[in-house]
Amino acid sequence: MEWMYRSTRDAQNRVTASQAVLKGLADDGGLYVPEQIPALDIPAEELAKMTYQETAYAVMSRFLTDYTEEELKNCIRHAYDEKFDTPQIAPLRKVDDCFYLELFHGATIAFKDMALSILPYLMTTAARKNHEEKEIVILTATSGDTGKAALAGFADVPGTRIIVFYPKNGVSAVQEKQMVTQKGKNTCVIGIHGNFDDAQSGVKKLFSDEALRDELAAKGFCFSSANSINIGRLVPQIVYYVYAYGKLIADGTLKAGEEMNVVVPTGNFGNILAAFYAKNMGLPIGKLLCASNENKVLYDFFQTGVYDRNRDFVLTTSPSMDILISSNLERLIYRIAGNDSEKNAKLMAELAKNGSYTITEEMKEAMKDFAGGYATEAQTAQEIRTVYEKSGYVLDPHTAVASYVYHTWKAQNHPTAPAVIASTASPFKFARSVMSAIDSKYDGMEDFSLIDELCRISGVKVPKAVEEIRTAPVLHDKVIETNEMRQAVKDFLGM
Ligand SMILES: *Cc1c(COP(=O)(O)O)cnc(C)c1O
């Protein structure tokens, strides 16, 4: 059975899975969605026995139906290997009353590695299958973690180049150092004066710039996206929810068919959407808890049905969630609008024009599996301190937002199902915020001393990704205005 994908803004725009991976964003500005969600027709007892790689094949082969078994297994083998510092790839850690699904054991110690370590293989395979001879130019906006994970994935991959834009003053010291020290002749990293939404809007504009697309084609280039709008990122993210469920069956926490709740620290809505797709495949997930930081546009949306980005952008200690336009929400909107591209396109046009839209009561009813919550900066810091003092386990600020939201929700709703909290970054990536939350005596300490101190108090070895940047030279130092992004792309490509 071959699944087709179609744009959320134009039902006539239909492509195969590999074409959707290759294109990233649809030309009409929409996102590709599978026309149907495949069923996860595998008994729980079997899921319980599967390795991460086997689970990845079971899930991905059901979505990416035009890849052959050999192609897909080859992609999986190259992606989930020794780049990860544990053979479990995504270990599930029980700490106190919840399960933290650690998605930060890859090359750049954030959950973006889960999808970005496989995307380059999915994409170059897709190029081969579709006889695409042009060089693929990956254009990416990052709030900190995507950029480095995409750079690590695409560096020196033949037939590709990658350009990353990041908000100059909107990422952590370690995040910035990781990016600007990136090696690889095909890589380009540029800071912009503006926030993440400015970077993301700038990139979206370049994608829909037809004149630029023609100029690129004439020079033998085509754009693609490594942002979480690419279906090649979304599908690999479904895998770890299925894997986590298998683990809960294996250790006897759950019996086949019993539900787990899922809590996700959310920014662009990609990670939690993957959990929603997993639920729609038939994975027993009860509630989907969407956790926001002080940029709580999603919390407000789940409360009121009004999406309104007209508000101040707050820089927080969880920068990868500092987002007011959650791109992947469009895929949920499309679905709760009854897979109606016209209705969806209308709402997205309103968002572009007025910065807000309101959904109908019927649509609101269709998202009752979701609940929203948020944590302020003080609550996030408090959660890091509380969990550390109780158990010795150190959370990064993103995971702490989710953990706080869960504990608050739990106190009100008394769930019986266990909670799986998506643990999206290593605390080492955000050592300053984490250590200050634990004790104010760390406030004045220098970055790498903090990292050594974090290693001491947590008993966790300093990850290789952090060791590497201690001494690495800065290779990218360009900072530009958002209106210079188009020219910067042309400069890098020698046009
Ligand atoms: C990207 C990211 C998030 C947000 O994930 P979305 O899929 O954009 O919702 C949360 N935490 C960390 C550490 C991230 O890198």
Matching residues, segment 204-230, being at pLDDT 90 or above and surrounded by 22 or more Cβ atoms within 10 Å (Cβ to Cβ) = F223, N230
Within segment 119-165, the residues that are assigned to a loop (DSSP other than H, G, I, E, B) and acidic (D, E) are E132, E133, D156
Subset of segment 293-314 that is of a type in the set (V, I, T) and either touching a strand residue (DSSP E or B) at 6+ places or on another chain (Cβ under 8 Å) or within 16 Å of the ligand (Cβ to nearest atom) (or both) - its residue that is farthest from E365 (Cα to Cα) | V314
Scan K185, K129, K148 and give me the residue that is under 27 Å from K83 (Cα atoms), among the basic types (K, R) and within 20 Å of the chain's Cα centre (by Cα).
-> K148
Kindly indicate which of F111, F99 is within 16 Å of the ligand (Cβ to nearest atom), out of contact with any Asp or Glu (no Cβ under 7 Å at 6 or more places or on another chain), in contact (Cβ under 8 Å) with a residue 24 or more places away in the chain and of a type in the set (F, W, Y).
-> F111
State which residue pairs qualify: first residue farther than 13 Å from E102 by Cα and inside segment 413-436, second residue within 16 Å of the ligand (Cβ to nearest atom) and of a type in the set (G, A, S) in any location, beta carbons under 6 Å apart, and separation of 6 or more residues or different chains.
-> F430/S172
Count of residues meeting criterion [aromatic (F, W, Y) and over 16 Å from G24 (Cα atoms)] in segment 215-258 | 4
Single unsatisfied condition, M435 versus (1) within 20 Å of V171 (Cα to Cα); (2) within 16 Å of the ligand (Cβ to nearest atom); (3) in contact with a helix residue (DSSP H, G or I) (Cβ under 6 Å, 6 or more places away or on another chain) | (2)
From the list A39, A26, A48, A20, pick out the single residue that is buried (at least 19 other Cβ atoms within 10 Å of the Cβ), of a type outside the set (D, E) and either touching a Leu at 6+ places or on another chain (Cβ under 9 Å) or touching a residue at least 24 places away in the same chain (Cβ under 8 Å) (or both).
-> A20
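Can you list the helices (runs of 4 or more DSSP H) found entirely within segment 193-292 that contain at least 2 residues being away from the ligand (no atom under 16 Å from the Cβ) and under 22 Å from the mean Cα position of the chain (by Cα)?
Of the helices (runs of 4 or more DSSP H) lying wholly inside segment 193-292, those with at least 2 residues that are away from the ligand (no atom under 16 Å from the Cβ) and under 22 Å from the mean Cα position of the chain (by Cα) span 196-207, 231-250, 270-281.
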Which of the residues that make up segment 114-146 are among the hydrophobic types (A, V, I, L, M, F, W, C) and more than 16 Å from the ligand (Cβ to nearest atom)?
-> L122, M123, A126, A127, I136, V137, I138, L139
Going by the conditions given, is A375 within 16 Å of the ligand (Cβ to nearest atom) and under 20 Å from M260 (Cα atoms)?
-> no
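So which helices (runs of 4 or more DSSP H) are wholly in segment 1-67 and hold at least 1 residues that are at pLDDT 95 or above and among the acidic types (D, E)?
So the answer is 44-49, 52-63.
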Enumeration of residues in segment 323-380 that are over 17 Å from L273 (Cα atoms) and hydrophobic (A, V, I, L, M, F, W, C) = A345, L347, M348, A349, L351, A352, I359, A375, A378
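The values are calculated or read from the model by the stated rules, or taken from the named source; none is laboratory data. Please read these numbers as outputs of a predicted model, since none were measured by experiment. We place every Cβ from the backbone using ideal geometry, glycine too, and count neighbours over all the protein chains shown.
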